[in-house]
Each structure stands twice: as structure tokens, then as C-alpha cells.
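The values are calculated or read from the model by the stated rules, or taken from the named source; none is laboratory data. All figures in this text were calculated on a predicted structure; none of them were measured in a lab. Every residue, glycine as well, gets a Cβ built from its backbone with ideal geometry; the counts of neighbours run over all protein chains shown. Just so you know, the surface numbers come from the protein's heavy atoms only, side chains and all, with ligands and any DNA or RNA stripped out. Shrake-Rupley method; radii C 1.70, N 1.55, O 1.52, S 1.80 Å.
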Amino acid sequence: MPHVSEMSVKSIFKAIYLNVRGFALKTLGLLLFQRNIIPLPRNIESILFIRIDRVGDMALSTPALRAIKAALPKVQLTVMASPANAPILKNNPDVDEIIVYDRSAGLFDKMKFINGLRSLHFDLAIDPYTDYELKTALLAGVSRAAHKIGYAAFGREIFFNDPAPKIEGNKHFVDGALDLLTRIGITSENRNPVIYLGRDEQAWAGQWLQENGFHGKKIVAIHPGAYYETQRWLPKHYAELIRLVRRQTPFEIVLLGGPSDAIVVEDILAMLNDPVCVSVQEDIRKFFAILSHCRLLVCNNSGPLHCAGALKIPTISFMGSTVKEQWMPIGEYHHVLRKDDLPCIGCNLGYCKIKTHDCMSSIRPESVFEIILEKMS
């Protein structure tokens with residue numbers, strides 16, 4: 001099996017790189033860096049919270065932002081976001097300012113960004129990233145915040161005054177951020193993510209529903225996209241599910257997505273004889289606004305799932321390669337379909353190394369339809 005062997009070689013080289021990097025950075029840290037004592041929370045007036053990854057990651061970070069503001073209501077809380085996930089924070093009362101870091105920007109623009117970051121003189125920088133990548137730890141370091149906290153992993157810790165130990169095992173994404181806050185004495189039992197919609201957004205969604213004949217009707221939303229192939233339920237299964245819902249229920253179907261989901265949406269539409277209402281929005285806030293009027297979302301284990309949870313919309317989702325303990329949706333109104341009996345389940349790979357895609361193909365549309373009937377009753 002040459003493909004598996006190739007992956008084994010890559011894994012070996014990755015392990016060597018990470019261990020060499022860790023040794024080099026720790027040695028450099030001993031020679032060049034001096035750590036300050038972390039202040040008590042009452043001494044903190046401004047905080048930088050770094051979250052520059054995906055949409056779902058930001059949605060699942062909102063419990064940490066809420067906890068910070070609840071414990072330190074007078075603090076100036078600034079979030080460094082990505083262009084993709086910054087819209088999650090619109091209207092969020094816990095966030096005072098959003099600054100957007102664009103990974104694709106050129107060197108000159110990045111240097112300008114860093115200079116602007118340093119001019120803000122943060123008391124504390126928080127990097128909740130739990131994996132081995134250096135990007136966010138480096139940004140915390142170059143921010144020149146007086147104090148910096150984050151997770152240790154293969155040398156990342158040299159950029160923090162008070163590094164938390166590397167997480168061993170699988171901890172839920174929400175808990176990774178919340179647990180880090182205990183380094184400054186902040187605790188919270190509220191793990192629920194949240195997205196706030198404005199009146200203008202609700203009004204736009206109401207008009208959209210009216211124009212599409214959905215006003216006052218029960219709507220099942222379907223979002224078939226996901227970042228990795230192994231996260232996606234099959235387009236033919238989505239198409240069959242739509243046929244079942246339309247033939248046997250009075251419920252309306254709306255097919256949702258963003259620009260990156262356009263191809264899979266087209267694939268599904270090509271398998272259907274009758275037209276389906278589609279909303280592929282570049283503006284993710286419009287996706288949220290439409291979704292907030294739906295009774296249920298059927299989707300993969302990806303960002304839209306966690307955004308639905310933040311909007312308190314019940315979901316049915318499909319989980320295959322994803323690590324269960326890290327990415328289960330938060331809340332009691334979600335139903336996750338996962339083939340736990342498969343030996344390869346939770347492989348955490350972006351492709352199916354045995355080329356069967358069993359974790360998704362074996363989840364049948366008929367079983368999903370039965371769950372829809374139960375949730376919509």
C-alpha cells in the first residue's frame with residue numbers, strides 16, 4: 001500500500017521536525033527571553049484575543065470572550081480575527097474592537113499590521129490555539145503585550161510569559177479556550193456559543209422569506225459543504241433526502257452555502273428533477289439571518305454546524321474523520337450521526353486512505369429522514 005507508506009514517511013518527518021523545532025526554540029528562549037510574572041486580573045485593562053482560523057473556531061470561542069467580559073467588565077477586549085471569521089463577532093457586546101489579520105497579505109502590509117498592533121500596548125495577549133503551529137504564538141510574541149498566555153507545543157511556549165502545558169488527548173475546542181483563561185483566574189461554566197443578529201439582518205431575512213414564498217412555513221435548511229472531503233456526506237444522499245422531504249412532508253427546503261460550496265450545491269441540483277430554493281451567499285451574515293428562521297439544519301461537521309448552535313437552531317449532522325471529543329456540537333438539540341463501529345472512524349484525515357468513504361456513504365438518507373420527522377413534529 002504505497003499511499004499508506006508515503007503517509008508514514010510524512011508522519012516520521014513531521015515528528016522529527018517538531019522535536020527539532022521544539023529543542024531549538026526552547027534553547028533560544030533560555031538565551032534571549034525573560035518571562036514576567038502574570039498580573040492579577042484586576043491589573044489588566046486591555047486584552048488581545050487571537051483567533052485567526054476558521055468560522056466555526058470563532059463561533060466556538062465566543063464562550064471564552066463572554067467569560068472574559070463577565071469577569072473583567074471594564075477591560076478593553078480586542079479580537080484579532082481572520083477575514084473569514086470576523087463577521088461572527090458583529091453585534092457581539094463582549095467585544096470592543098475587531099482587528100483583521102490577513103494571512104495572504106504581502107510582507108510590507110504584515111509589517112505595517114504588526115507596527116499598528118504594537119502601538120495598542122495591550123496588557124495581555126491570549127492565544128487559545130492548542131496545536132503545534134507557530135503563527136498565532138508568534139503574533140502574540142510580536143504584539144509586545146506586557147503579558148502573554150498560550151499553550152505549549154514544540155517550542156510555542158517561548159512566546160508566552162505563562163504557558164499552559166501542552167494538551168494531551170482530545171479536549172473539546174470550547175474547553176481549550178476556557179481552560180486557558182484559568183491562568184488569569186477566570187472560570188466559566190457557560191459553554192454555549194452565541195451569534196448576535198441585528199434588526200436590519202432580521203428584516204432582510206424576513207423580506208427574503210416573503211419573496212421566496214416561505215413566510216409562516218416550516219423550513220429545513222441543508223448546508224452540504226465542508227472544508228475536507230472526509231467531512232462531507234455524499235451529494236447523492238443529500239439529493240435523495242431532499243426528494244424524501246418534498247414527497248412526504250409539507251416542509252420547505254432551502255439549500256444554503258457560500259462561494260466555496262457552489263460546486264457541491266450544483267451537483268445536488270443536477271440530481272433533482274424539480275427546482276429547489278438556493279441561497280449561496282458571499283455574506284455569511286445573510287446565511288445566519290436565513291438560518292435563524294429555519295426549524296432545522298442538516299449539515300456536515302463543519303463551521304455552519306457550530307454557527308447553527310450559536311443561533312440555537314437544532315441540527316442533524318454527519319461526523320466521520322473528525323475527532324468526536326473535540327468537535328461535537330454544543331447543546332442538547334443536536335443529533336450527530338456517526339458510524340462508531342468502523343475501525344477507521346475518527347481518522348482525522350482530510351482524505352479517505354482506504355478510498356471507500358464508508359463513514360459517510362453508509363449513513364442512509366432514509367435514517368436521516370426519520371430523524372427529521374421526529375425533530376419537526
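Being assigned to a helix (DSSP H, G or I), surrounded by fewer than 19 Cβ atoms within 10 Å (Cβ to Cβ) and not small (Gly, Ala, Ser) is a condition met by at least one residue of segment 268-284. Considering Ile345, Ile330, the condition of being within 17 Å of Val55 (Cα to Cα), touching a Lys or Arg at 6+ places or on another chain (Cβ under 7 Å) and of a type outside the set (Gly, Ala, Ser) is satisfied by Ile330 alone. Scanning segment 326-348 for residues that are surrounded by fewer than 16 Cβ atoms within 10 Å (Cβ to Cβ) and in contact with a helix residue (DSSP H, G or I) (Cβ under 6 Å, 6 or more places away or on another chain) yields a count of 1. Within the set Ser377, Ser317, the sole residue that is open to solvent by 10 Å² or more (accessible area, probe 1.4 Å) and either at pLDDT below 95 or under 30 Å from Trp204 (Cα atoms) (or both) turns out to be Ser377.
The set of residues in segment 240-267 that are within 22 Å of Ala308 (Cα to Cα) and either assigned to a strand (DSSP E or B) or of a type in the set (S, T, N, Q) (or both) comprises Glu252, Ile253, Val254, Leu255, Leu256, Gly257, Ser260.
Can you tell me which residue in segment 92-117 is farthest from the chain's Cα centre (by Cα), limited to those that are among the basic types (Lys, Arg) and open to solvent by 70 Å² or more (accessible area, probe 1.4 Å)? Top of the filtered list is Lys112. Is it the case that His293 is surrounded by fewer than 20 Cβ atoms within 10 Å (Cβ to Cβ), of a type outside the set (Lys, Arg) and free of Cβ contacts under 8 Å to residues at least 40 places away in the same chain? Criteria not met by His293. Being crowded, with 23+ Cβ neighbours inside 10 Å and in a helix (DSSP H, G or I) is the requirement here; does Ala70 meet it? Considered against the rule, which asks whether it is crowded, with 23+ Cβ neighbours inside 10 Å and in a helix (DSSP H, G or I), Ala70 comes out as no. Selection within segment 320-366: residues that are within 24 Å of Cys307 (Cα to Cα) and of a type in the set (S, T, N, Q). The member of this set that is modelled with the highest pLDDT is Gln326.
Selection of segment 120-146 for residues being open to solvent by 30 Å² or more (accessible area, probe 1.4 Å), under 11 Å from Phe160 (Cα atoms) and assigned to a loop (DSSP other than H, G, I, E, B) yields Arg144, Ala146.
For Val323, the criteria (1) open to solvent by 40 Å² or more (accessible area, probe 1.4 Å); (2) over 20 Å from Pro235 (Cα atoms) hold in every case but one, which is (1). Residue pairs whose Cβ atoms lie under 7 Å apart, sitting 6 or more positions apart in sequence or on different chains, and linking a residue in segment 60-84 that is touching a residue at least 12 places away in the same chain (Cβ under 8 Å) and on the phi < 0 side of the Ramachandran plot to a partner that is of a type in the set (Lys, Arg) and part of a helix (DSSP H, G or I), are Leu77/Lys69.
So is Asn85 under 25 Å from Asp283 (Cβ atoms), modelled with pLDDT of 95 or more and of a type outside the set (Lys, Arg) or not? Taking the combined requirement at face value, the residue satisfies it.
If I go through segment 210-224 residue by residue, how many of them are within 17 Å of Val280 (Cβ to Cβ) and among the polar types (S, T, N, Q)? Matching residues across segment 210-224 total 1.
Within segment 246-264, being in contact with a strand residue (DSSP E or B) (Cβ under 6 Å, 6 or more places away or on another chain) and either exposed (fewer than 15 other Cβ atoms within 10 Å of the Cβ) or in contact (Cβ under 8 Å) with a residue 60 or more places away in the chain (or both) holds for Phe251, Ala262.
This table checks each residue for (1) buried (at least 17 other Cβ atoms within 10 Å of the Cβ); (2) in contact with a Pro (Cβ under 6 Å, 6 or more places away or on another chain); (3) among the aliphatic types (A, V, I, L, M); (4) modelled with pLDDT of 95 or more.
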site: Ile158; (1), (2), (3), (4): yes, no, yes, no
site: Pro165; (1), (2), (3), (4): no, no, no, no
site: Val174; (1), (2), (3), (4): yes, yes, yes, yes
site: Leu181; (1), (2), (3), (4): yes, no, yes, yes
site: Arg199; (1), (2), (3), (4): no, no, no, yes
site: His215; (1), (2), (3), (4): no, no, no, no
site: Ile222; (1), (2), (3), (4): yes, no, yes, yes
site: Thr230; (1), (2), (3), (4): yes, no, no, no
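Restricting attention to segment 83-119, the residues that are more than 19 Å from Arg66 (Cβ to Cβ), in a loop (DSSP other than H, G, I, E, B) and of a type in the set (Asp, Glu) add up to 1.
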